[in-house]
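I have placed the structure first, in the form of structure tokens, so that the comments after it can refer back to it.
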Amino acid sequence: MGRLDDKVAVITGAGRGIGREIALLMAREGARIVVNDLGGNQDGTGTGMIADDVVAEIRGMGGEAVSNMDSVAEVQGGERLIATALEAFGAVDILVNNAGILRDRTIFNMEEADWDAVQAVHLKGHYACSRPFARYIRENNRTGCRIINFSSVSGLIGNFGQANYGAAKAGIAGFSRVLALELAKYGCTVNTISPGALTRMTISLRENRGEQVGDDDLEQGGPHHIAPICVWLTTDAAARITSQIFHTGRGGIAIMQQPAIIKQFHKSSGVWTMAELDRHVPQLMAAKKAHDEAVRQSSIPVNID
């Protein structure tokens with residue numbers, strides 16, 4: 001008996017890396033899988049048949065899977081993706097929005113096409129697949145479904161040379177919070193992953209900095225470290241966990257803070273004067289500094305071995 005027996009999962013960008021590892025682990029837990037991947041290069045150009053390779057792997061270990069090669073950057077692609085699951089398996093329970101591309105440049109050199117392409121695959125891609133899934137849930141009163149979205153430290157914290165990617169990933173975190181509210185009445189949870197893994201996209205970033213990536217690096221920090229929490233969040237054990245951001249990778253698992261007021265001053269009348277702001281903004285900054293230090297201390301890993 002697997003934890004996902006009788007479940008149907010749709011996973012975008014599942015031909016390689018993190019998506020592939022999630023697809024394989026979900027299949028081992030009994031889910032029937034729709035493997036979506038356009039098979040393109042990491043900048044989004046080109047196509048390939050890599051989704052079929054993952055389908056063959058799943059079938060080779062006794063699982064059930066079909067492939068889909070639609071682009072998630074278009075609403076019609078997202079609709080066809082959900083339709084593929086319904087045609088093949090008659091239902092959909094899980095959506096993993098993992099597909100992504102990179103076009104890294106500083107803002108000085110970033111062209112409009114670089115911005116638009118990254119927003120289309122990441123931020124719009126999450127919308128294009130989630131909307132038809134959400135409509136399916138409502139129209140069929142399908143309860144207990146799961147959505148896993150993918151953000152990044154580039155959007156949640158920031159990373160040089162990734163304004164397009166960071167903006168999209170920050171938007172996905174906000175999108176996920178809203179989606180969790182809108183689908184709560186159907187018992188559908190929506191959680192976000194911030195992965196820290198060596199994949200086709202991140203390896204090239206390290207190599208461009210002159211760093212070497214060896215087999216030990218891949219074993220200790222590869223995408224197989226990301227899949228377990230993603231799969232666990234789609235099981236019955238996580239039925240009450242929603243609207244959260246989990247950071248994971250290299251043997252670690254963490255929950256991330258989300259926007260919240262740390263300290264606040266209020267005036268009963270009138271607008272703030274410059275002199276009042278001179279006095280009170282430094283107190284806000286001191287509260288923020290103390291909060292950040294408390295978070296830093298709390299985030300020190302606890303070894304469970």
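We did not get these values from a lab; they are worked out from the coordinates using the rules stated. Just so it is clear, the structure is predicted and the values come from calculations on it, not from any experiment. In this analysis, Cβ positions are derived from the backbone assuming ideal geometry, glycine residues included, and neighbour counts consider all displayed protein chains.
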* To do: Apply the Karplus parameterisation 6.51 cos²θ - 1.76 cosθ + 1.60, with θ equal to phi minus 60°, to every residue of the range 13-23 and state each ³J(HN,Hα) to the nearest whole Hz, in sequence, with x for glycine and proline.
  => x, 9, x, 9, x, 4, x, 4, 5, 5, 4
* Go through the range 253-305 and name the trypsin sites (Lys or Arg not before Pro) that are in a DSSP coil and have 16 or fewer other Cβ atoms within 10 Å of their Cβ. => 263, 267
* **Distance between modelled label sites at residue 41 and residue 140, nm, 7 Å Cα→Cβ extension** => 3.9
* Asked: Here are several values of Cα extents along the principal axes in Å: (1) 52, 50, 41; (2) 69, 50, 47; (3) 57, 45, 36. Which one was derived from the coordinates shown?
  -> (2)
* To do: Apply 1/(1 + (r/R0)^6) to the Cβ-Cβ distance of residue 131 and residue 255, taking R0 = 30 Å, and write down the FRET efficiency to the nearest 0.05.
  => 0.65
* To do: Report the calculated FRET efficiency for residue 285 and residue 108 (r = Cβ-Cβ distance, R0 = 22 Å), to the nearest 0.05.
  => 0.15
* Asked: Across 5 Å bins from the origin, how do the percents of Cα pairs in the range 68-135 run, short distances first?
  -> 4, 17, 25, 20, 13, 9, 7, 4, 2, 0
* ³J(HN,Hα), Karplus 6.51/-1.76/1.60, whole Hz, each residue of the range 49-56, x for Gly, Pro -> 10, 5, 4, 5, 5, 5, 4, 5
* Can you bin the range 1-123 into rounded, prolate or oblate? Criterion: square roots of the alpha carbon gyration tensor eigenvalues sorted a ≥ b ≥ c, rounded for a/c under 1.5, prolate for a/b above b/c, oblate for the rest. => prolate
* Structure fact -> Note on the chain, DSSP bridge orientation, antiparallel percent to nearest 5 equals 15
* Structure fact -> HN-Hα couplings for the range 166-182 via Karplus (6.51, -1.76, 1.60; θ = phi - 60°), in whole Hz with x for Gly/Pro, come out as x, 5, 5, 6, 5, x, 5, 4, x, 4, 5, 5, 5, 4, 4, 5, 6
* Spherically averaged projected area in nm², based on the convex hull that wraps the Cα atoms of the range 261-305 -> 3.9
* Long-range HN-HN contacts of residue 67 with modeled amide H, under 5 Å -> 35
* **Unit charges at the beta carbon, dipole of the range 261-305: most positive-side option, 295, 282, 270** => 270
* Structure fact -> The cysteines in the chain that find no other cysteine Cβ closer than 4.7 Å to their own Cβ are 129, 230
* Average Cα contact separation per residue, the chain, under 8 Å, 6 or more apart, as relative contact order % -> 15
* For the residues 236, 70, what sequence is obtained by ranking on other C-beta atoms within 10 Å, fewest first? -> 236, 70
